[in-house]
Amino acid sequence: MKIKTNVVFEHLLESDNKITIEQGGTRSGKTYNILLYIIFKYCLDNTGKTITICRKTFPAVRSSVMRDFLDILKQYNSYSELNHNKSNHEYKLNGNLVEFISLDQPQKVRGRKRNLLFINEANELDYEDWQQLIFRTEDKIILDFNPSDEYHWIYDKVIPRADADFYITTYLDNSFLNESIREEIERLKDTDETYWQIYGLGLKGISKATIFNYTEVNHIPHDAEFISYGADAGYSNDPTTLVSVYRKDHNLYIKEHIYQTQMTTYDISRKWKEIGIERELIYFDSAEPRLIEELRRMGFNVRPSLKGADSINAGIDLLKRFKIHIEKDSNNCIQEFRNYKWQEDRSGKMINKPIDKNNHTIDAVRYATYSVLSKPNFGKYAII
């Protein structure tokens, strides 16, 4: 049987490493050719294997990669109703089991071992999701994704691995693409530079779900005006944080001072003294009244952060009115701003609520700015 493939199929044939990563722009044929490889190469060369195909949510699995898998079988007259377990979302192929799962099905993620794992749109997953999946995968892992997130864990944790092969493809690698679609993609050159970078050229860009843009600076300008310190409380797993925030015109400058777990009230006060804090204003998480009172009794000018209805989103909206700059040595703060994202619903649509993680220094920044700048008629800092 002759099948129509492109360079993605060839990558999988030549890749000897455990992990094959296919980064690409839209309509490069990544997913389609990976499925062709699974159906007409891996499953024909093997028997008794378990193949897992997954995405973040099951509605996304059903409407994309599972539909494409079944369409390919039907296109090449290889589909059999007898082999298709629709209730379990499984298909038997040459004595192999192909299962379709999602990360919102934890019992399946932590279930049986598998031989081959294909993660479709892998940039939707968290690093914890990735770890859960790979611990139960014995032979081969294939990832594909559009590179929408410039700071994704795939770039830090997977691509540099010695057992990983990394490829980039674009729509130009898909010789079967309709000319009108090709022209539509190329129209992005003139209409949306970011979309062209990601979906046209298959290169890294900024995720739509990422909440903040920022730049890194060597130091805070000497003429930037101090707003306040901001502090967030943690203990066992979550860190206690302290940041200082400065303003110059429509620019906010942020410096990280503390990012540490297991800190008692005494530890916090000692660290603040080491930093040189005396009577400077500190806004602390108002959910910690005992800590605030203890630190006040130790002589610090600490106040509860201003909170109200929807204060998280209000604080985010306030921060987004400024250009944000973070000192380069504020490593944890930078990491959090990189990875702070909006939540998505089960269909993958973004909702106006941030994911409650990667936010310990961000909360501290929000306490410092929202508690001061949102107050009406607060001198030169007032937001009108």
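Taking every DSSP beta bridge that has both ends in the chain, the antiparallel portion is near 40%.
A simple spin-label model places the labels of SER236 and GLU138 3.7 nm from each other, with each point 7 Å out along Cα-to-Cβ. Between ALA162 and LYS74, residue separation times 0.36 nm minus the direct Cα-Cα distance comes to 27.9 nm. Suppose a student asked you for the relative contact order of the chain, using Cα pairs under 8 Å spaced at least 6 residues apart; what percent would you report? About 16 percent, as a whole number. Take every DSSP beta bridge whose two residues both sit in segment 7-200; close to 20 percent of them are antiparallel. For the chain, hydrophobic long helices are taken as DSSP H runs at least 27 Å long by C-alpha position along their axis with mean Kyte-Doolittle hydropathy of 1.0 or more; none is present.
Mean-square fluctuations from a GNM of the chain, with a 10 angstrom spring cutoff on Cα atoms, peak among ASP190, ASP129, ASP238 at ASP190. In plain terms, the chain from ASN83 to ASP192 could stretch by 34.7 nm, reckoned as 0.36 nm per residue minus the Cα-Cα distance.
Here the Gaussian network model covers the chain, with springs between Cα atoms less than 10 Å apart; of PRO304, PRO106, PRO354, PRO106 fluctuates the most. Shape analysis of the chain yields a ratio of the Cα radius of gyration to the Kirkwood radius, Rg/Rh, of 1.07. Each Cα pair under 8 Å and six or more residues apart adds its sequence gap; the mean of these over the residue count of segment 215-381 is a relative contact order of 29 percent.
Three principal axis extents of segment 215-381 based on alpha-carbon atoms, in descending order, are 50, 38, 33 Å. Calculate the FRET efficiency for LYS323 and ASP267 from the Cβ-Cβ distance with a Förster distance of 30 Å, rounded to the nearest 0.05. The pair LYS323/ASP267 has a calculated efficiency of 0.30. Among HIS250, HIS325, HIS360, the largest mean-square fluctuation in a Gaussian network model of the chain (Cα springs under 10 Å) belongs to HIS250. Over the residues of the chain, the helix contribution to mean residue ellipticity at 222 nm works out to -8000 deg cm²/dmol, using -39500 (n - 2.57) for each DSSP H run of at least 4. Neighbour counts of C-beta atoms inside 10 Å place LYS30, LYS271, LYS74 in the sequence LYS74, LYS271, LYS30, starting with the fewest. Each Cα pair under 8 Å and six or more residues apart adds its separation to the average, and for segment 7-200 the resulting relative contact order is 33 percent. The distance linking segment 174-253 with segment 67-138 is 33 Å (Cα centroid to Cα centroid, whole angstrom). Label positions at ASN301 and SER64, each projected 7 Å from the Cα along the C-beta direction, are separated by 5.2 nm.
Between the amide H of SER286 and those of SER305, distances stay under 5 Å, these residues lying 5 or more places away or on another chain, with hydrogens modeled in the peptide plane.
Read-outs: derived from the displayed coordinates by stated rules, not from any lab. Just so it is clear, the model here is predicted, and its values are computed rather than measured. All Cβ positions, even for glycine, are placed from backbone atoms using ideal geometry, and neighbour counts span all protein chains on display.
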